[in-house]
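Read through the structure below, which is laid out as C-alpha coordinates, and then see the notes.
The values are calculated or read from the model by the stated rules, or taken from the named source; none is laboratory data. Given the structure is predicted, the values throughout are model-derived calculations rather than measurements. Every residue, glycine as well, gets a Cβ built from its backbone with ideal geometry; the counts of neighbours run over all protein chains shown.
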Amino acid sequence: MKHYLQLIGPGSDLCKKEAKTDIVFVLDASGSVRRRNFRRVLNFVAKIVSQFNIGSDDVRVGMVLYSSKADVLWDFLEYTNKEELVEAIDGIR
(Lines give C-alpha, C1' and ligand atoms only; values in the text may rest on other atoms or scores of the structure.)
Protein backbone atom coordinates (compact mmCIF):
# COMPACT_ATOMS: atom_id res chain seq x y z
CA MET A 1 0.00 0.00 0.00
CA LYS A 2 2.82 2.39 0.79
CA HIS A 3 4.07 2.10 -2.81
CA TYR A 4 0.73 3.23 -4.27
CA LEU A 5 0.40 6.13 -1.86
CA GLN A 6 3.86 7.35 -2.86
CA LEU A 7 2.61 7.52 -6.46
CA ILE A 8 -0.24 9.86 -5.57
CA GLY A 9 1.12 11.52 -2.43
CA PRO A 10 2.17 15.11 -1.91
CA GLY A 11 4.61 16.31 -4.54
CA SER A 12 3.55 13.67 -7.05
CA ASP A 13 2.74 14.75 -10.59
CA LEU A 14 0.90 11.52 -11.34
CA CYS A 15 -2.44 12.68 -9.90
CA LYS A 16 -3.27 16.34 -9.70
CA LYS A 17 -5.23 17.25 -6.57
CA GLU A 18 -7.02 20.04 -8.43
CA ALA A 19 -8.51 17.72 -11.06
CA LYS A 20 -12.25 17.76 -11.53
CA THR A 21 -13.14 14.11 -11.74
CA ASP A 22 -15.46 11.39 -10.53
CA ILE A 23 -14.06 8.29 -8.83
CA VAL A 24 -16.06 5.17 -7.98
CA PHE A 25 -14.65 2.60 -5.60
CA VAL A 26 -16.09 -0.87 -6.17
CA LEU A 27 -15.21 -3.11 -3.23
CA ASP A 28 -15.61 -6.85 -2.78
CA ALA A 29 -17.62 -7.34 0.41
CA SER A 30 -18.17 -11.06 -0.09
CA GLY A 31 -17.39 -13.67 2.52
CA SER A 32 -14.17 -14.55 0.73
CA VAL A 33 -12.64 -11.28 1.95
CA ARG A 34 -11.86 -11.55 5.61
CA ARG A 35 -12.82 -8.71 7.93
CA ARG A 36 -9.19 -7.74 8.58
CA ASN A 37 -8.43 -7.49 4.86
CA PHE A 38 -11.64 -5.60 4.18
CA ARG A 39 -10.64 -3.08 6.86
CA ARG A 40 -7.24 -2.72 5.15
CA VAL A 41 -8.98 -1.96 1.86
CA LEU A 42 -11.17 0.66 3.55
CA ASN A 43 -8.12 2.27 5.15
CA PHE A 44 -6.44 2.36 1.74
CA VAL A 45 -9.51 4.02 0.17
CA ALA A 46 -9.62 6.60 2.99
CA LYS A 47 -5.96 7.44 2.43
CA ILE A 48 -6.53 7.76 -1.31
CA VAL A 49 -9.48 10.15 -1.00
CA SER A 50 -7.72 12.21 1.65
CA GLN A 51 -5.15 13.18 -1.01
CA PHE A 52 -7.76 14.99 -3.11
CA ASN A 53 -9.88 18.11 -2.85
CA ILE A 54 -13.35 16.64 -2.37
CA GLY A 55 -16.29 18.77 -3.43
CA SER A 56 -19.10 19.20 -5.93
CA ASP A 57 -16.77 21.17 -8.22
CA ASP A 58 -13.65 19.11 -7.51
CA VAL A 59 -13.24 15.37 -6.98
CA ARG A 60 -16.49 13.50 -6.35
CA VAL A 61 -16.52 9.96 -4.97
CA GLY A 62 -19.03 7.12 -5.20
CA MET A 63 -18.93 3.80 -3.38
CA VAL A 64 -20.25 0.39 -4.41
CA LEU A 65 -20.01 -2.83 -2.42
CA TYR A 66 -20.67 -6.18 -3.99
CA SER A 67 -21.03 -9.76 -2.88
CA SER A 68 -23.96 -11.70 -4.37
CA LYS A 69 -25.29 -8.36 -5.68
CA ALA A 70 -24.02 -4.82 -6.01
CA ASP A 71 -25.14 -2.12 -3.57
CA VAL A 72 -24.52 1.56 -4.22
CA LEU A 73 -23.65 3.00 -0.82
CA TRP A 74 -23.49 6.54 -2.15
CA ASP A 75 -23.30 8.40 -5.42
CA PHE A 76 -21.24 11.41 -6.49
CA LEU A 77 -23.60 13.92 -4.87
CA GLU A 78 -23.69 12.41 -1.37
CA TYR A 79 -20.45 13.83 0.11
CA THR A 80 -19.09 17.24 -0.74
CA ASN A 81 -16.30 17.51 1.80
CA LYS A 82 -13.37 15.32 2.69
CA GLU A 83 -14.08 14.98 6.40
CA GLU A 84 -17.61 13.62 5.92
CA LEU A 85 -16.43 11.30 3.16
CA VAL A 86 -13.62 9.81 5.24
CA GLU A 87 -16.02 9.44 8.17
CA ALA A 88 -18.46 7.56 5.91
CA ILE A 89 -15.68 5.25 4.70
CA ASP A 90 -14.65 4.59 8.29
CA GLY A 91 -18.27 3.74 9.09
CA ILE A 92 -18.54 0.96 6.53
CA ARG A 93 -18.85 -2.44 8.18
*Identify the residue in the range 28-50 that is more than 15 Å from Glu87 (Cα to Cα) and either of a type in the set (S, T, N, Q) or in contact with a helix residue (DSSP H, G or I) (Cβ under 6 Å, 6 or more places away or on another chain) (or both) and, among all such residues, is surrounded by the fewest Cβ atoms within 10 Å (Cβ to Cβ).*
Ser32
*asked:* If I filter the range 21-28 for residues that are farther than 14 Å from Val61 by Cα, modelled with pLDDT of 95 or more and in contact with a Ser or Thr (Cβ under 8 Å, 6 or more places away or on another chain), do I get at least one hit?
replied: yes
*Hits in the range 35-93 - residues which are of a type in the set (Gly, Ala, Ser) and in a helix (DSSP H, G or I)*: Ala46, Ala88
*asked:* Under 6 Å between Cβ atoms, which residue pairs at least 6 apart in sequence (or on different chains) link something in the range 59-81 that is loosely packed, with under 14 Cβ neighbours inside 10 Å with a partner that is hydroxyl-bearing (Ser, Thr, Tyr)?
replied: Ser67/Ser30
